[in-house]
Each structure stands twice: as C-alpha cells, then as structure tokens.
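See structure below.
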Amino acid sequence: QTRSLLGVFEEDAAAISNYINQLFQAMHRIYDAQNELSAATHLTSKLLKEYEKQRFPLGGDDEVMTSTLQQFAKVIDELSSCHAVLSTQLADAMMFPITQFKERDLKEILTLKEVFQIASNDHDAAITRYSRLSKRRENEKIKAEVTEDVYTSRKKQHQTMMHYFCALNTLQYKKKISLLEPLLGYMQAQISFFKMGSENLTEQLEEFLTNIGTSVQNVRREMDCEVENMQQTIEDLEVASDPLYLPDPDPTKFPAHRNLTRKAGYLNARNKTGLVSSSWERQFYFTQGGNLMSQARGDVAGGLVMDIDNCSVMAVDCEDRRYCFQITSFDGKKSSILQAESRKDYEEWICTINNISKQIYLSENPEEIAARVNQSALEAVTPSPSFQQRHESMRPAVQSRPPAARTSSTGSLGSDSAALSALSLDSLVAPDTPIQFDIISPVSEDLPGQAKSSGQSGRRTNPFGESGGSKPETEDSILHQLFIVRFLGSMEVKSDESPDVVYETMRQILAARAIHNVFRMTESHLLVTCDCLKLIDPQTQVTRLRFPLPNVVLYATHQENKRLFGFVLKTSGGRVESRQTSICYIFESNNEGEKICDSVGLAKQIAFHAELDRKASEKQKEIDRVKEKQQKELNKQKQIEKDLEEQSRLIAASSRSNQSSAEGQFVVLSSSQSEDSDLGEDGKKKRESE
C-alpha cells in the first residue's frame, strides 16, 4: 500500500513539475518582452532627441517638426522610466517566487527520490545476503556483519523514506503558493504601472496629442491630393511617351540632334577577354567637358574612360552587332568600341563626340556654334555618289617630281593652325569640289594612272612579292611594305605645295562624313613599293587602285592624330581638260600614319636613286658600245696588217728560192726557147707561166 501510494504522489509531483516549467517559460517571456519594451522605448526616445542633429538631403530645417518630436521624446522617456520600474517589479514579485519553487523545491523532490531509491536498493541487497546465511556452519563474525548491514540499511531506508514522504506532502502546499504568488506580483506590478501612467497623462498632454492628430489628418489630405496629381501626370506621360518605349524609334518622327555638345545614356562596351573572345558590358556613359565618363550601376561617381579632345570617331562593324562605333584618342594609343541602342542614339553619340573633339564646348553658346559649323560644312561640302566620273579622265603625268618632304601638322583638325589662318580655303581646295567616299572597283572602271590592258584587268596581286603563274610587275622592287588602311575619302585640291592642303582635306572629309551620316569605311591593304602604291582587296587580293609613285607629289600625317594620313596625286585631266589636276586621298590606319609616310618617302628615295643608277648604267653601256666598236676596228686593222706582212714574207722567200736556181734555169730556158718557137704563141705563154 505504501509503495502504491508513493507512486501516486510521485506521478503528481511529475505533473506539477511539467506544468510549473511551462508556466515559468510563459512568465519569463512576459518578463523578457517587458525588458525589450523598456529598452525599445528608451531607444525611441533617444532617437527622437537626435532628430535635430540629422541632415536629410531633401529635408530643410523644420523647427516645428523638431520641437514636436522633442515633446514626444520627453513623454516617451517618462513612459520608458515607467516600463523600467515595471520590469523591476516583475522580476521581484513574479519571476522570483516561481523561480525559487522551480529551482529549489522541485529539485529537492528529485534529489530525495534518487536517495530513497538508492537506500531501498541497499536494503534489498542486505536482506538478500542475510537470507543466504548457512544453518550448519554458523560463523558468528559473518552473521554479525550481515546483521549490522541489515540494521544500517533498514535504518537509512526508513529515515530517507520519512524525509521523502514529508517533502511530497509539503509539495501540495508549495504548489498553491508557487502559483498564486507570481500572479499576485504580476497584477500588483501592472496596477502600479497603470497608476504611474495615469499620473503622467495630464490634460496638457491630451491637448497636445489632439493637436498632433489634427496635423496628421491635414498632412494625409495633402498627400492624397498630391498622389492624385501625380497619378494624372503619370497617365499623361504614359500617353506621350508611348513611342519612346520602342528600342529603335522611327528616325523620321524622332530625328537625331546633331548640334549637341553633351550626351548621356546607356551603351554596351566591348571588352576583350582573349585573343579572339570578347564580352559586352552595359554601363551608363556621359560626357563631361572634353572627357568621356562611365558609371557602373551602384557606383556613386563616374570614372574617366578617355580624353575625347581631338579624338576620332567612326562607325565600325563588330561581331555582327548593330549601331557600333569606335572612339580613338588623339594619340591613337587608346580606343573603345561602343554600341548604342537605337539609330538615333548612334548618330547623336557620333555627332556629339565629333563636336566635342573640335573643342566647341569651350565657347559660350556651344550648340549655336555647332549648328553654325555644321551648316557651313554642309554648304561647303557636297558628297559625290560615284567615283566613276572622277577617274574616267585620270591619267598619270609623264614627268616625275623630286621626292616630297613629309611634314607633320602642328594643330588638330578641330582647331585652326597658323598656316591655315594665312591662307583662304579657296587657295587650297577647289570650290564646289565633290567628295568621294567609296573606292572604285577595277572591274567596272579603269585604274587611275594607267591604261587598262587585256591581261591586267582584275588580276590578283600578291602583296608579298611572291611570283605565281605570271610575273608580277613589282617583282623586281626591293621595297615591299604592307599596311592595313581604311579609305575615308578623296577630293580635288588646287595646291600641292603645302601639307596644309592635306590637313584641310582631312577636316572637310571628316566633317562631310559626320554631316551626311557616312560612317562606314572600306578596309584595304596598302602596298608600298618603289614603283607605285596599291590598294588591294584583303579578301580577293585584287588591286582596287594603283597610284604611280612619281605622281605622288605630297604626303603628310597629322601630328596629333597619328592614325590619319593622306597624299596628293598629280594626274592629267580633270574637270577642265588639257591641264593637270591634283587629287588628295585621305586614309585612316591602325596608328601607322607616320610609318606609312616614312615608307613612301623611302620608296621615293629608292626610286630616285634607282633612276640615277639607271641613267648612269645607260651612259656606261653607251661608252662600252663605243669602246667595243673601236676595238673591233682596231682588231680588223691589225688583222689586215698581219695578212700583208705574211704575204710580204712569202714573196721574199720565193725570191730567194728563184735566185739560187737561176743558173740551172738558164740552161733549161735556152733549150726551151728553141722549143718555144715550134710551140707557137700559146705554148710560149704556158712556158712563161711555168
């Protein structure tokens, strides 16, 4: 019965412990929440006090708002003090009693239960040993020890059991106390908190709160009105901006603005990741003075891409993408390929960079000056749609000219040099001169500077001088240099004495390209030899144009933009027949303008010395021919004298032989004379002959 009743008490103690643990957790959450509320309230009051120290980018110094928040901070600080007092009361009156019951009384029950179980096990073991004592061979010493062990274990079990049972009985009273004391403390703390709150909420505070509520309602009405206006504005903008949502709007409805000196927008930038691979990155680009800037998403400021003063800009074909253009710095060391989203942006970016490169942005009214410059260029430059009429009458001049000296420019294309300021444009470029932007094909038109023969039309030219099935005409040339160039344009010029002609032609051709949206260029291989300059198709190796080297009278590269170079070709015929004309050809290279001009100068020097050597060789050959003729005549005379001398020697020998045999012959002759009288006349002659 005792063991059964003990089981009921132990089951009840376990239920009490489980319930008290759950209640403790709930009350602890209340205590933690109150502490958090107290800390949060204090932090709120602190932040409200620091509002006057904040510097908001869009907010002005609102004194009314600052004073209002200071008043709120004062009230909330008092509430924070009340919450702090409540937290202290909850810790003392609610958490302390239930914590004591949980940590002291319930743990005591568990400890006594363990001790009672150990004492009960020891008693059972002692009884078992005592029961095993033998009845035959009794050992008084062992019996005494076992008896003592039973006595001790039974006493210990009884004492432990009494303390354990007492604790179980007391637990029923402590359970009621531990439940009521925390709840009582919680309610008393809340009542005290509400009393402090009622003391703080005075009539003055209620009036203040009423005024604030009215102000909030007024602000809300203003916000609703502003939101309604913004919604109407959004609807109007959506209707007006509907065509702009297209990535490539119609250029007839939205024409490009060509007089801009500032431009901003998103572009795709090409970044090389390997020898043949590349990646495209979308970034925001904008111009700032004479600099091109870019700013990645998330950056607080833009970074410099390149200096676009005196730069060059052109349309390029890149990886089968549309609207690509390339910007190259004035020294040619840095270039960037960008892609616009639409044709309008594409043309505006090219025109804007072209205007900036002329340093128009430094003036007071840059857009007006840009419009005036573009209009002047449009009136002064008229592009020609075909190259055929220009080259039908072009033939090279027979006379040659000493090698021209190459000169570099001292100014940019967008600035007026000192030499140009002294010369009028009419003295350099013929008025109303058409500009040619494409290259003549040898299939349809004659090559400039040479007559078309039946075996040379469209013939492939090996740029490296290697002989194929037929012997190339430049096979004997000791100079073969190949350059990659892009043809910008050509036009007739009036003078070929000064390199300013080349610079002015560069300026007009680049301006005409920008004005008339001629952005594409034909890439070719320029082969420099001692005989001529050739433009060769890089795909088919067919000669597109041939310029005889003696007719190239002037060549120059730009001093600042090393990629631009040009030369003047002297030809016979033109718009006025029976006179020589000068055509200036402008090209762009891969930063090799000076190298090309040096190569042309070297070729002309080699050709000049070769001509001198040829004339000297011809003169020497003539002298050798005269000497050879004289030597032949001398040899012939000697042979005649030798023959005469031989003949004289033979005659002298014959005379000596006849003299030695004179006496014998006298007898024979005497006898023969008698016979000759009988032989007659014929016989006499025969005898005389003998």
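Within segment 110-136, count every residue that is in contact with a Lys or Arg (Cβ under 8 Å, 6 or more places away or on another chain) and either within 15 Å of Arg3 (Cα to Cα) or modelled with pLDDT of 90 or more (or both).
Step one: of segment 110-136, the residues in contact with a Lys or Arg (Cβ under 8 Å, 6 or more places away or on another chain) are 119, 122-123, 126, 133.
Of the ones still in play, those that are also either within 15 Å of Arg3 (Cα to Cα) or modelled with pLDDT of 90 or more (or both) are 119, 122-123, 126.
Counting residues in segment 110-136 that are in contact with a Lys or Arg (Cβ under 8 Å, 6 or more places away or on another chain) and either within 15 Å of Arg3 (Cα to Cα) or modelled with pLDDT of 90 or more (or both) gives 4.
Scanning for something open to solvent by 40 Å² or more (accessible area, probe 1.4 Å), in contact with a Gly (Cβ under 7 Å, 6 or more places away or on another chain) and in contact (Cβ under 8 Å) with a residue 24 or more places away in the chain, does segment 567-586 turn up at least one residue?
No, every residue in segment 567-586 fails to be open to solvent by 40 Å² or more (accessible area, probe 1.4 Å), in contact with a Gly (Cβ under 7 Å, 6 or more places away or on another chain) and in contact (Cβ under 8 Å) with a residue 24 or more places away in the chain.
Collect the residues in segment 324-334 that are open to solvent by 30 Å² or more (accessible area, probe 1.4 Å) and either in contact (Cβ under 8 Å) with a residue 24 or more places away in the chain or in the same structural domain as Glu592 (by the TED database) (or both), keeping them in residue-number order. Can you show your working first?
From segment 324-334, those open to solvent by 30 Å² or more (accessible area, probe 1.4 Å) are 326, 330-331, 333-334; that's our starting set.
Phe330, Asp331, Lys333, Lys334 - these are the residues of segment 324-334 that are open to solvent by 30 Å² or more (accessible area, probe 1.4 Å) and either in contact (Cβ under 8 Å) with a residue 24 or more places away in the chain or in the same structural domain as Glu592 (by the TED database) (or both).
What number of residues within segment 352-372 are of a type outside the set (A, V, I, L, M) and modelled with pLDDT of 90 or more?
From segment 352-372, those of a type outside the set (A, V, I, L, M) are 352, 354-355, 357-359, 361, 363-368, 372; that's our starting set.
Next, only the ones that are modelled with pLDDT of 90 or more stay: 352.
Summing the residues that are of a type outside the set (A, V, I, L, M) and modelled with pLDDT of 90 or more in segment 352-372 gives 1.
State which residue is surrounded by the fewest Cβ atoms within 10 Å (Cβ to Cβ) when the search covers only segment 55-107 and only residues that are over 30 Å from Ser178 (Cα atoms) and charged (D, E, K, R).
For segment 55-107, the residue satisfying everything is Arg55.
Under 7 Å between Cβ atoms, which residue pairs at least 6 apart in sequence (or on different chains) link something in segment 179-203 that is touching a residue at least 12 places away in the same chain (Cβ under 8 Å) and part of a helix (DSSP H, G or I) with a partner that is of a type in the set (S, T, N, Q) and crowded, with 17+ Cβ neighbours inside 10 Å?
Listed by first residue and then by second, the contacts come to Ala189/Gln89; Ser192/Gln89.
Give just the number: which of (1) in contact with a Gly (Cβ under 7 Å, 6 or more places away or on another chain); (2) free of Cβ contacts under 8 Å to residues at least 60 places away in the same chain does Pro548 not satisfy?
(2)
Which is among the β-branched types (Val, Ile, Thr) and either under 30 Å from Glu10 (Cβ atoms) or in contact (Cβ under 8 Å) with a residue 24 or more places away in the chain (or both), of Ile142, Ile98? Before the answer, list the steps.
On the way: Ile142 fails: either under 30 Å from Glu10 (Cβ atoms) or in contact (Cβ under 8 Å) with a residue 24 or more places away in the chain (or both).
Within the list Ile142, Ile98, the selection yields Ile98.
What number of residues within segment 473-529 satisfy the criterion of being charged (D, E, K, R) and either within 25 Å of Leu260 (Cα to Cα) or not in a loop (DSSP other than H, G, I, E, B) (or both)? Let's see the steps before the verdict.
First, the residues of segment 473-529 that are charged (D, E, K, R): 473, 475-476, 486, 492, 494, 496-497, 500, 504, 507, 513, 520, 523.
Next, from what is left, pick out any that are either within 25 Å of Leu260 (Cα to Cα) or not in a loop (DSSP other than H, G, I, E, B) (or both): 486, 492, 500, 504, 507, 513, 520, 523.
Within segment 473-529, residues that are charged (D, E, K, R) and either within 25 Å of Leu260 (Cα to Cα) or not in a loop (DSSP other than H, G, I, E, B) (or both) number 8.
If you take the residues in segment 114-132 that are open to solvent by 60 Å² or more (accessible area, probe 1.4 Å) and of a type in the set (S, T, N, Q), which one is farthest from the chain's Cα centre (by Cα)?
That would be Ser131.
Let's see how each residue does on (1) under 56 Å from the mean Cα position of the chain (by Cα); (2) within 30 Å of Val219 (Cβ to Cβ):
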| site | (1), (2) |
| --- | --- |
| Thr44 | yes, yes |
| Glu63 | yes, yes |
| Glu78 | no, yes |
| Phe96 | no, no |
| Arg104 | no, no |
| Glu108 | no, no |
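State yes or no: is Leu6 farther than 30 Å from Ile98 by Cα and hydrophobic (A, V, I, L, M, F, W, C)? Before the answer, list the steps.
Numbers: farther than 30 Å from Ile98 by Cα: no; hydrophobic (A, V, I, L, M, F, W, C): yes.
When the stated conditions are applied, Leu6 does not pass them.
From the list Ala26, Ala40, which one is aliphatic (A, V, I, L, M), open to solvent by less than 60 Å² (accessible area, probe 1.4 Å) and more than 23 Å from Val75 (Cβ to Cβ)? Walk me through how you get there before you give the answer.
On the way: Ala40 fails: more than 23 Å from Val75 (Cβ to Cβ).
Going through Ala26, Ala40 in turn, the sole match is Ala26.
Return only the number of the condition from (1) part of a loop (DSSP other than H, G, I, E, B); (2) open to solvent by less than 100 Å² (accessible area, probe 1.4 Å); (3) of a type outside the set (S, T, N, Q) that Lys135 does not satisfy.
Lys135 satisfies every listed condition except (2).
Would you mind finding the one in Met161, Met187, Met196 that is aliphatic (A, V, I, L, M) and either outside the structural domain of Ile76 (by the TED database) or open to solvent by 60 Å² or more (accessible area, probe 1.4 Å) (or both)? Before the answer, list the steps.
Working: Met161 fails: either outside the structural domain of Ile76 (by the TED database) or open to solvent by 60 Å² or more (accessible area, probe 1.4 Å) (or both); Met196 fails: either outside the structural domain of Ile76 (by the TED database) or open to solvent by 60 Å² or more (accessible area, probe 1.4 Å) (or both).
Matching residue, one of Met161, Met187, Met196: Met187.
Filtering segment 590-606 down to residues that are modelled with pLDDT of 85 or more and small (Gly, Ala, Ser), which residue is surrounded by the fewest Cβ atoms within 10 Å (Cβ to Cβ)?
Per the criteria, the residue is Gly601.
Can you tell me which residues in segment 335-369 are touching an Asp or Glu at 6+ places or on another chain (Cβ under 9 Å), open to solvent by 50 Å² or more (accessible area, probe 1.4 Å) and in a loop (DSSP other than H, G, I, E, B)?
Glu341, Gln359
Tell me whether segment 312-323 contains one or more residues that are among the β-branched types (Val, Ile, Thr), open to solvent by less than 20 Å² (accessible area, probe 1.4 Å) and either assigned by the TED database to the domain that holds Thr557 or in contact with a strand residue (DSSP E or B) (Cβ under 9 Å, 6 or more places away or on another chain) (or both). If you could, list the steps in order and put the result at the bottom.
Within segment 312-323, the first condition is being among the β-branched types (Val, Ile, Thr), and the residues that meet it are 313, 316.
Narrowing further to those that are open to solvent by less than 20 Å² (accessible area, probe 1.4 Å): none.
Scanning segment 312-323, I find no residue that is among the β-branched types (Val, Ile, Thr), open to solvent by less than 20 Å² (accessible area, probe 1.4 Å) and either assigned by the TED database to the domain that holds Thr557 or in contact with a strand residue (DSSP E or B) (Cβ under 9 Å, 6 or more places away or on another chain) (or both), so the answer is no.
Quick check: anything in segment 627-634 under 22 Å from Val502 (Cβ atoms), surrounded by 10 or more Cβ atoms within 10 Å (Cβ to Cβ), modelled with pLDDT of 85 or more and not assigned by the TED database to the domain that holds Lys333? Explain how you work it out, then say what you get.
Of all residues in segment 627-634, those under 22 Å from Val502 (Cβ atoms) come to none.
Checked against the condition, which is being under 22 Å from Val502 (Cβ atoms), surrounded by 10 or more Cβ atoms within 10 Å (Cβ to Cβ), modelled with pLDDT of 85 or more and not assigned by the TED database to the domain that holds Lys333, segment 627-634 yields no hits at all.
Within segment 519-529, can you find the residues that are at pLDDT 85 or above and over 17 Å from Ser589 (Cβ atoms)?
If the condition is that a residue be at pLDDT 85 or above and over 17 Å from Ser589 (Cβ atoms), then Thr529 is the only one that fits.
Is it true that Leu267 is at pLDDT 90 or above, touching a Leu at 6+ places or on another chain (Cβ under 6 Å) and surrounded by 11 or more Cβ atoms within 10 Å (Cβ to Cβ)?
Numbers: at pLDDT 90 or above: yes; touching a Leu at 6+ places or on another chain (Cβ under 6 Å): yes; surrounded by 11 or more Cβ atoms within 10 Å (Cβ to Cβ): yes.
Yes.
The values are calculated or read from the model by the stated rules, or taken from the named source; none is laboratory data. Being a predicted model, the structure only gives us computed values, none of them experimental. When we count neighbours, we look across all protein chains shown, and the Cβ atoms used for this are built from the backbone with ideal geometry, even at glycine. The protein model used for the area step is the full one, side chains on, heavy atoms only, and it has no ligands, DNA or RNA in it. Shrake-Rupley method; radii C 1.70, N 1.55, O 1.52, S 1.80 Å.
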